[in-house]
Every structure is written in structure tokens, then in C-alpha cells.
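> Provided herewith is a single structure, encoded as C-alpha cells, for subsequent inquiry.
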Amino acid sequence: MLIPNKEWWEHIKTEEVRHEVEFSISSSQIDYTVNERVAWKNEDKCDNIILFMPYFFSGHGHGFQLNCYLMAVVVAAFLDKALVILEPPHSENRFDTWSQFGCPADAFEDESYTKIKDGFPEGLQRLIQNPQLISRGCGVPTCGGTMSYHQWAQIQAQQRGRWGNGRRKPASPPIEYDCVEDGRNIKVIPLGGPDLRTFCNRMYWSQMMDRTSPNSREAAYNWATRLGARPHEAAYFSELRGQYVISDYLSAIVNRSGLLKFQPWVARDVSEYIKSSNLPRDGSYDGIHVRRGDKLLVESKWLVENYWRSKGYDAGNMPANYVPFVHYLNKAWDGSECPRRRNGRIRQTRIPRKVIYVATDDPNTVRKEIAQLPKVKGGYTVLNGCQKAEFIFSPSSETITSFHMTPCRKYLGTCGGDDCSKRYARSIAAIADLTILTRAEKFVGEYNSNWGRLIRDFRTAFKDNLGAPDPNNDSDEPLVLVRDIVEVFNQNPTPFGW
């Protein structure tokens, strides 16, 4: 389906396909009136710009790149700046067809698939759209023709020297370049993803959380309105305290405003991909994300060691270098839902079958682990004595196991041939997993993974579309709900976009 051919070319030219997954959340939850409320059309709208340069981290996973973009969105809104994306010229781009996310059939001029259309989105924007609410309709600044990609990249490279290193050396404000564009004085801050994360962590986040003065509350109010909040919601947001509460509310605003919007070809192909997954059409399924691979070398190593230490092993004699799949199952389905006898023992009656979607970069090992679990007639797995479960894997799990843009990791020995069609197939499989796990009834995962953090953010929404207390209702129910999530390592959620 994802490899271009003549039949598919005719399909995309003639058939009107519903874009069911254009947004990070269901399109029915999107507020399409947001552009009518946000005043980004002022003549000074492009006087202050964050120039976002995603190419410098284009070898990272989908989750990292999307999280960095979302952080850029909220930082730009907080600082009252337009967010403009800058990609490298073809001469400095190592990817064939000029994008780490590959090439849909739509990218080519005709069915010979030999030439990319002029002006077809490149880099990050081949995957997502940067909405006018965030870009303010601003183009890439050239400062009257004096600044090219190379000059902006030189300034971006100097930003690392201003990161600081924590308490001993605090971060300095990022370099801001002043110049004249179309007769106006403008200020431009060129940043890559790691720059944004570092400056946000060491400088901006404390300002974003501050509600101690009238000025800080006014800044919070304006920040929320730039992201699409309604006036009464922005007023409520400006009074919130605590980073977890503020971050969840922020997630709900960003989601409802539709600020992460996939390109139409991505939405179309993801929709087709999901239809081939054998998932229940009514959405009655749960989802598990098991991240192993290169995460086990550094980021997740301590979690693995802690798990086996709790089982009586030390780091030198662990039975495996990963946390078993059964740990995820036991955390999410602990038997509390099982019918019991008067003596407290679980009844043998099987409650209705549960469908569980598994997204993992280690499908072969996980399948072997599932095969060792108890089974009943029909081949269904039994969870904790009563729950029948059917596990469904990604349709491409046999051939695509990497969550990264490129499977080439020299220290893992996985370097090999790669091309734009393979990258696009991986991108569609990854975004399909993201969509499936976001919309699952229950999500089981970990916040140590960019993917897990991103999914949590996307599962956050306003209750009944209300972003502020109803004056006619005295209920203490939360305004923002995070749909059912089981974090398997008992970690706290991270701030939005982290």
C-alpha cells in the first residue's frame, strides 16, 4: 500500500479519502473557530520570530521530534513570537527527497516517481503542518537577503554555549539576531530541538509556572489565548498552581486547538493502515507500548536494573536486559476486575474477551513471551486468572521494528540501505501506532519514553469541552481529564512537550 504504483497513483488522484487522523485527537474535539479569536494578523506579527531548525535532530525518533516541535509551539506562544520552520538547502540535506520522513506518492510529479514536485514540503513539514496560529503566516527571514541557512546555522551552533550547566553556571538568554526585513526591525532566535528543551528547562519553565504577581498572571493569560484558549479559560489558566495541573491544562488547550496537524497524505495513509490492523471498529480495545531497543543501553537501563533487583537479582546476573512483558500486564490487569467466590478466590468464569494492541520495537521477543502465558480454548491468553485477551500487533511489525527515522545505529550494528519509501513506511507505521494508542480505552506504557509522554499528552482533554468551572455547577470534578493510563514504573508525568 505504501510503495507507490500506478494503481495507487490513480487512487490518490481520483478518490476523495476522509482524513480521519489529521489531528492528534479526534477531529470532533477540535475548535475550528480558534483563528477567529486570535489576533495574529497585526502588522508587527513577524517582528519577533523563533526560527526552528529541526534538521539538526532529524535522526532521532518520531516521538522526540514531535515533542520538540510541540515544545517549540508553547515556548513561541509564551514569548509572543512567531514560530517559523527552516530546513536546509538540498546541497546540505543528507536525505534523498529532502525529508527524514520519506516520500508519499503525492510528492512526485508523475507515476515515474523520479522527480519531486517543486515546492512540496520538506523535512518536518512533510509530516506535519505548522498552523498559521503559530507561524502567523511569516516566511523564513533573510534580513534583506543577508542571511541564508548557513548563516542561521552558525548562530544556532553558538546557542549551546549559553545553555549553562545547572546551578554552577545558569543559562543565559539565547542569542537573538537583530536585522531589517521589508523595512521593519525584526528579532530572530534560531534554535534546534535540544536548544529549546534546554532553555525551556533552565530558563522558561519557571516563568511559565509563575503565578505570584499580577504581571505573571497576565503573562499566563496572554500565553493561553495565543494557543487558542477562550477568555474565561485563559483567566482560569492564569490562576492555576502546580506544574502538573498547569501542564495538563496546557495539553488540553493545544489538543483542542488542533495545533498538531498531520499532512493530508499522512492522515490518509495512516487511516488506510489502521483499517488493515484488525482492530475492533468500535474502538473497544486497550493498548500497550513496549520500548526496548537502544533505550535499554542508557535511558531505561536503571529501570531494568531496579525491576530485577526487586526480584532478587543484581545487575550482574539479570535473567534479561529488559523488563518482561508480563510486568506490563500485571500492572494493568491485576485481577481486581475478576469475579470472585465468597472465599475470595477468583471464579473460573471468563469475562468477555479483551483486545490489546501491542506497539513495540521488539515484536519477536514479545510474541514469545505471550506464547508462554496461560491459554484457553480459541488460543486466547488468560490474564490474572479470568480475563481472556487477544493481542494484535502492528501490520508491519514483521518488517518494521525501529521507531527511529533511520535504522542505522552503528553501535547496534543495524546500518544498511535506506531510502525514502522505507522511511515513509516507517513514518506511517509510527503515526498509526501513535493514533491507535492515543484512542485506546486504556493505555499501558512508560514516561521514560518520548512516545509514552507524547501519548499521555494526546490523551488529555477538557471534560465536556469545558475549560473553566461552570458557575451553575458546584461539583469538584476536574476540568481536565487524562484518559485511563497505567504507567508501569510509577513515574510522574513530565511537563508538556518534554
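The values are calculated or read from the model by the stated rules, or taken from the named source; none is laboratory data. Remember, predicted model here, so these are calculated numbers, not experimental data. Cβ atoms come from the backbone with ideal geometry, glycine included; neighbour counts cover every protein chain shown.
> Test L240 against the criterion of being part of a loop (DSSP other than H, G, I, E, B), among the hydrophobic types (A, V, I, L, M, F, W, C), outside the structural domain of V366 (by TED's automatic domain parsing) and touching a residue at least 24 places away in the same chain (Cβ under 8 Å), and give yes or no.
yes
> Across the range 90-114, which residue is surrounded by the most Cβ atoms within 10 Å (Cβ to Cβ) among those that are closer than 18 Å to R268 by Cβ and touching a strand residue (DSSP E or B) at 6+ places or on another chain (Cβ under 8 Å)?
Out of the qualifying residues, it is C103.
> Continuing with this model, one more query. Which of (1) closer than 20 Å to N201 by Cβ; (2) surrounded by 24 or more Cβ atoms within 10 Å (Cβ to Cβ); (3) touching a Cys at 6+ places or on another chain (Cβ under 7 Å) does F57 not meet, given it meets every other one?
Going through the list (1) closer than 20 Å to N201 by Cβ; (2) surrounded by 24 or more Cβ atoms within 10 Å (Cβ to Cβ); (3) touching a Cys at 6+ places or on another chain (Cβ under 7 Å), F57 breaks only (2).
> Give me the residue from the range 244-294 that is assigned to a loop (DSSP other than H, G, I, E, B) and small (G, A, S) and, out of that set, nearest to F391 (Cα to Cα).
So the residue we want is S277.
> I'd like to check something: does the range 183-192 contain any residue that is surrounded by 11 or more Cβ atoms within 10 Å (Cβ to Cβ) and without any contact (Cβ under 8 Å) to a residue 60 or more places away in the chain?
So far as the range 183-192 goes, no, none of its residues is surrounded by 11 or more Cβ atoms within 10 Å (Cβ to Cβ) and without any contact (Cβ under 8 Å) to a residue 60 or more places away in the chain.
> So which residues in the range 102-145 are more than 25 Å from the chain's Cα centre (by Cα) and hydroxyl-bearing (S, T, Y), if there are any at all?
S112, Y113, T114, T142
> I'd like to know if the range 330-342 contains one or more residues that are of a type outside the set (A, V, I, L, M, F, W, C), assigned to a loop (DSSP other than H, G, I, E, B), closer than 22 Å to V486 by Cα and at pLDDT 90 or above.
For the range 330-342, residues of a type outside the set (A, V, I, L, M, F, W, C), assigned to a loop (DSSP other than H, G, I, E, B), closer than 22 Å to V486 by Cα and at pLDDT 90 or above: absent.
> Something else: Please go through the range 54-82 and pick out each residue that is in a helix (DSSP H, G or I) and either of a type in the set (G, A, S) or without any contact (Cβ under 8 Å) to a residue 12 or more places away in the chain (or both).
G63, A72, A76, A77
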